[in-house]
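Report on one structure; see the data block that follows.
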């Protein structure tokens, strides 16, 4: 069974509980509502909601916005496929899993991390694991269908291993955080802010396994929208406007990282040093879903299909670019 927060070190239990509460919450963020349109937006613990507010990017918005917070990308895809949200931000792998099951959404914008690094493979600070090859026979935490999952598959492939060479432990991010801290797993494929949390506050610390950053689709995230929302003229216009505002907000966040980190810490109740480090590692550009982006994403999709993780999908069929 996954470790509970009660068994975690006291000095970071409060942060873990606060983060878990945020992940379980559904938060309504009203815009200046036009009663005709309310845009239902799905997000993660990635600081984008606090960024939009802190940057003033929502000033003058003419439609309502309801914001739902999810644990990771896969539940956002599921909610979008079920018609519960209209648009959401996810990593590079959830869109592949979603397309393999029910491709009733489109990629409308690329959110590319400036450092071209979105995921990490972390081990405890005292671990003797220094290369992916040493993961053979080890317990590795991941979240099924997340960007960390896609990253892990590629890391193993490059090391001459497969998912059968390790014991995969599928956990939600909060449960993986608990399992990692208590030594229930040997490594964890994850992303920010979880990397900063384990590095800063878990007893004994944590370190990343040294890796090259040139993995397929590394640092790529997407705004995705349901085909039904895009088919509605008013909602399509609202989605395009939201993406443009998100671009302005992220440009502001890059120039004002301390202010963004302060807003993120207030939103999540994470310690200020953790939010500052997480934000510094995840500054993002909003760019079109170009042919080169599609090619990177297709390479990842093919790697996942080759590993038998998911069936092959054609990424180019998912594009409806709204970034100009």
Taking the range 160-176 and keeping residues assigned to a loop (DSSP other than H, G, I, E, B) and over 19 Å from the mean Cα position of the chain (by Cα) leaves 160, 161, 162, 166
Over the range 210-269, the set of residues on the phi > 0 side of the Ramachandran plot and more than 18 Å from the chain's Cα centre (by Cα) is 269
- Message: Here is a check on your reading of the model: is residue 185 under 30 Å from residue 133 (Cα atoms), buried (at least 17 other Cβ atoms within 10 Å of the Cβ) and touching a helix residue (DSSP H, G or I) at 6+ places or on another chain (Cβ under 7 Å)?
- Response: yes
For residue 301, the lone unmet condition from (1) under 23 Å from residue 79 (Cα atoms); (2) more than 19 Å from the chain's Cα centre (by Cα) is (2)
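Residues checked against (1) outside the structural domain of residue 193 (by TED's automatic domain parsing); (2) at pLDDT 80 or above; (3) in contact with a helix residue (DSSP H, G or I) (Cβ under 9 Å, 6 or more places away or on another chain); (4) assigned to a helix (DSSP H, G or I):
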position: 23; (1), (2), (3), (4): yes, no, yes, yes
position: 29; (1), (2), (3), (4): yes, no, yes, no
position: 40; (1), (2), (3), (4): yes, yes, yes, no
position: 51; (1), (2), (3), (4): yes, yes, yes, yes
position: 54; (1), (2), (3), (4): yes, yes, yes, yes
position: 58; (1), (2), (3), (4): yes, yes, yes, no
position: 62; (1), (2), (3), (4): yes, yes, yes, no
*asked:* Can you say whether residue 179 is outside the structural domain of residue 302 (by TED's automatic domain parsing) and either in a helix (DSSP H, G or I) or at pLDDT below 95 (or both), as far as the supplied structure shows?
replied: yes
Within the range 238-297, the count of residues that are closer than 14 Å to residue 47 by Cβ and in a helix (DSSP H, G or I) comes to 27
Counting only residues that are in a helix (DSSP H, G or I) and surrounded by fewer than 19 Cβ atoms within 10 Å (Cβ to Cβ), the range 199-236 contains a total of 8
Checked the range 258-305 for anything over 30 Å from residue 54 (Cα atoms) and without any contact (Cβ under 8 Å) to a residue 40 or more places away in the chain; matches are 291, 292, 294, 295, 298, 302, 305
**Asked** Has the range 124-141 got any residue that is modelled with pLDDT of 95 or more, within 29 Å of residue 288 (Cα to Cα), assigned to a loop (DSSP other than H, G, I, E, B) and not assigned by TED's automatic domain parsing to the domain that holds residue 248?
**Response** no
Expected single match for closer than 23 Å to residue 192 by Cα, out of contact with any strand residue (DSSP E or B) (no Cβ under 9 Å at 6 or more places or on another chain) and surrounded by fewer than 17 Cβ atoms within 10 Å (Cβ to Cβ) among 301, 265, 272 is 272
Filtering the range 304-324 down to residues that are modelled with pLDDT of 95 or more and not in a loop (DSSP other than H, G, I, E, B) yields 304, 305, 315, 316, 317, 318, 319
Would you say residue 195 is surrounded by fewer than 24 Cβ atoms within 10 Å (Cβ to Cβ) and not in a helix (DSSP H, G or I)?
-> no
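The values are calculated or read from the model by the stated rules, or taken from the named source; none is laboratory data. This is a predicted model, so every value here is computed, not measured. Ideal geometry is used to build each Cβ from the backbone, glycine not excepted, and the neighbour counts take in all protein chains shown.
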